[in-house]
Amino acid sequence: MKINVNASIGDHHLVLIPVYKHQILKKDELGLNEELEALFDQGVFIGKQGTHHFLRKNKKVLFFGMGEETAITPALTREAIGGAVREAKRLKAKSLAFYCREPLYLGALVETAILADYDFDRYKTGEKEQAVEDFNVIMKEDYDEAVVAEYKALAEGTLVARDLANEPSNVLSPLELALRAGALGEQYGFEVEIHGREVIEGEKMGAFLAVASASESEPQLIVMRYKGAPAVKKTFGLVGKGLTYDSGGLSIKSTEGMVTMKGDMSGSAAVIGTFAALARNQVKANVVGVVAACENMISGKGFRPGDILQARNGKTIFVGNTDAEGRLTLADALDYIIDAEKVDEVVDIATLTGAAVRALGTTTTAIMGNREDMIKRFFEASTLADERLWELPLFEDYKEQLKHHEADLNNLGGDPGTITAAAFLEHFVGETPWVHLDIAGTAFADKARGYRPRGATGMGVRLLYHYIKGDESN
Ligand code: BES
Ligand code: ZN
Ligand code: ZN
């Protein structure tokens, strides 16, 4: 999609016009108000959020509903614009136009349009959804070209994450994920190191290796580096869950539970997409990313419920359930990024628990951590990114449930599952400031919502980007 700002209305455009509920247009450059009033009167289109009306008469206008003006928020505006772009795609419009009345919103507008235009149709051999070729922003005011470039890159980073997460597991093995990270590093300008089994064994990452043990595919330790502020001492750490498939292992999932598990590397996709956006925009921050990529499969070589593992930090772990594998890979990745890469603070992002889906549904990510100031900054980033968060508590008593009589820890923590999973991870971060994001509910959508098409959402890229960029201690 090509973005043209300060364009003028051409004949070939489909113009997207936002309409508040029962309100005629304040600025009616195209003389549409009479028609709009007739639609209101007939009750055909009244401007309800999520609704659209295509003017068949001139075929050049698509009204889209914004809902009540008094209730409008930036998030609802994005949803509405995104929905309109999706509808325009359905109508096979190649060139769109949109009046931007307020330069302040230009970045979010560009980002929303790009995100809404996306479809994962690489494997469709027949007719594909048509992509929008041009998005023309009609604006009178001066604007900052750098803002447009920044948000374009941010949207592109999100699409990088969506592409990776949508890729099926028969294509995206741990090695393929590592190679794609490497290629993206070349393309966007960040460093990528990949290590196979030998190094992982040398590092004594016993928890990670156990999860990988049943797979024919070799596990990969992916390390990414971006140094955008060489004079600054602080380094951020990002760890992404990188299960390219999660069958559950011997604690096997149902077919229904398994069929979406190609997406169990969405956390790592978000980390890789964030690196792409940070590097493209040359954000002034230093960031290291680590992904312990592997596949949780079933075979005679696999780990079993009842096994006792030793993690990289020396702690022993009783395997209560082989399907609670994400925390095992994250435990070693967190220890590695803190101990070997010496990051000053760390964020992990993971499709970790089904319980997160039950607690918060598919629109809200669970956040937990050991530093209130970090969580506060995440909430600020969440508003900018329009990626919703809700904090769950990590009270001491929840941690009791992770004890085991034969080992230091049990990987199965009981209810509430999202909290006990986070409490498990806390054992591997020591005193390092840490935040955990459980995106099990938000990484994938089974139906389109606003600017998020069906499939991988790319959740986390914009959140992590704004979090890192907005850090004042930089
Ligand atoms: N990858 C799953 C979590 C998940 C579930 C992600 C649904 C996205 C959608 C994770 O590895 C898992 O299986 N967790 C178990 C943990 C349990 C055995 C303690 C779960 O949530 O059921
Ligand atoms: Zn699992
Ligand atoms: Zn998993």
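The values are calculated or read from the model by the stated rules, or taken from the named source; none is laboratory data. Quick caveat, the model's predicted, so the values are computed rather than measured. As a convention, Cβ positions derive from the backbone with ideal geometry for all residues, glycine included, and neighbour counts pool all protein chains shown. Heads up: the accessible areas ignore ligands, DNA and RNA and are worked out on the full protein's heavy atoms, side chains in. Shrake-Rupley method; radii C 1.70, N 1.55, O 1.52, S 1.80 Å.
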Hey, Asn313 more than 16 Å from Met459 (Cβ to Cβ), open to solvent by 30 Å² or more (accessible area, probe 1.4 Å) and not small (Gly, Ala, Ser) or not = yes
request  = Run down Asp386, Asp348, Asp415 and say which single residue is of a type in the set (D, E, K, R), in contact with a helix residue (DSSP H, G or I) (Cβ under 8 Å, 6 or more places away or on another chain), within 24 Å of Ala75 (Cα to Cα) and in the same structural domain as Cys294 (by TED's automatic domain parsing).
outcome  = Asp386
request  = Would you tally the residues in the range 92-128 being farther than 22 Å from Glu29 by Cα, of a type in the set (A, V, I, L, M, F, W, C) and either out of contact with any strand residue (DSSP E or B) (no Cβ under 6 Å at 6 or more places or on another chain) or assigned by TED's automatic domain parsing to the domain that holds Pro168 (or both)?
outcome  = 4
query = Does Gly157 satisfy the criteria of being under 20 Å from the mean Cα position of the chain (by Cα), free of Cβ contacts under 8 Å to residues at least 40 places away in the same chain and not in a strand (DSSP E or B)?
reply = no
key: Residues that are surrounded by fewer than 24 Cβ atoms within 10 Å (Cβ to Cβ) and of a type in the set (Val, Ile, Thr), drawn from the range 259-278   = Val259, Thr260
ask   = Any chance the range 156-165 includes a residue that's under 15 Å from Val85 (Cβ atoms), open to solvent by less than 40 Å² (accessible area, probe 1.4 Å) and out of contact with any strand residue (DSSP E or B) (no Cβ under 7 Å at 6 or more places or on another chain)?
value = yes
ask   = Within the range 362-384, restricting attention to residues that are more than 12 Å from Leu463 (Cβ to Cβ) and among the charged types (D, E, K, R), which residue is surrounded by the most Cβ atoms within 10 Å (Cβ to Cβ)?
value = Arg371
key: Candidates Leu106, Leu115, filtered to the one that is closer than 15 Å to Glu156 by Cβ, touching a residue at least 40 places away in the same chain (Cβ under 8 Å) and not in a loop (DSSP other than H, G, I, E, B)   = Leu115
request  = Among residues belonging to the range 56-90 that are polar (S, T, N, Q) and part of a loop (DSSP other than H, G, I, E, B), point out the one that is farthest from Ile17 (Cα to Cα).
outcome  = Thr73
Hits in the range 431-454 (condition: under 20 Å from Ala113 (Cβ atoms) and either of a type in the set (A, V, I, L, M) or open to solvent by less than 10 Å² (accessible area, probe 1.4 Å) (or both)) = Ala445, Ala448, Tyr451, Pro453
remark   = Across (1) more than 16 Å from ligand 2 (Cβ to nearest atom); (2) surrounded by 21 or more Cβ atoms within 10 Å (Cβ to Cβ); (3) of a type in the set (Lys, Arg), Lys233 clears everything bar (2)
key: Cross-chain or 6+ apart pairs with Cβ under 6 Å, the range 251-266 first and within 28 Å of Val461 (Cα to Cα), then in a helix (DSSP H, G or I)   = Gly263/Ala165; Ser266/Ala165
